[in-house]
1. Taking the Cβ of Ser178 as the center, what net charge do the other residues with Cβ under 15 Å away carry, scoring Lys and Arg +1 and Asp and Glu -1?
2. What net charge is computed for the residues neighbouring Val217, neighbours being all others with C-beta under 13 Å from the C-beta of Val217, Lys and Arg scored +1, Asp and Glu -1?
Amino acid sequence: MRRVWSSGVIVVASVLTSAVASAKPAASGLALGIERGFGFFYNSESQELAGTETTTTESGFSLGIASGAGLFSVSRLGVDYILPFGLSFGSGIGVGFKGSNSQVEDEDEMDGTTWTYVVLAPRVGFSMAFSDVVGLWPRWGVSYASLKTDDEDFDFHYSSSDVALTFDLPLTLMPASSWGLMLGPTFDLGLAHTEHSDLPSADAETSFFEFGFRVGVFGVL
């Protein structure tokens, strides 16, 4: 996993170096968007317990949040401010809720499991344009994701939180001066993981990595 991340950093650094040399600042102002709307994802999570390491990997194509997609892969609202010379500050914000219930004929309805997740992704970036249509908007920061699961009928409660170093390298395609598409690779390297459950469990050391190629849409006001 570390080799993959290191190779990715080298490739990204090479792309950015050549891109910045030939680019100019893009449109400035308040930018709003839907980020990581759909696309490919790959997740890898490793847990080490009592000297034994178990690694789980998942990959696929998702529209927003889907089974198998990690929390950092979910769609989120993007809010950024782009300064006239291209520097940008902002955050991605994702919130979701899912619930279920069941009922057997002639019996009372049972509440099922509920899931609630929150993703916050503050970042800094630099928006650049190669032409009136094509540009690049690299952004990096530290992201936070939390998940809470409750099942009142079985009195079960679970929660987890993750912190990751996040890097996005979207190509921007703007058919109009005020809106466009973002498509490109996304990287999330786990920095910390904690979890709490009603069930007794041993502490395990957890590390994770998420990679994707995602598509979104944005507009500049």
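1. Details: positive: none; negative: Asp80, Asp132.
Surrounding charge for Ser178 is -2.
2. In short, +2.
Bear in mind these aren't lab numbers, they're just calculated from the coordinates by the rules spelled out. As the structure is a computational prediction, the values presented were derived from the model and not from experiment. Cβ sites come from the backbone with ideal geometry, for glycine too, and all protein chains shown count toward neighbours.
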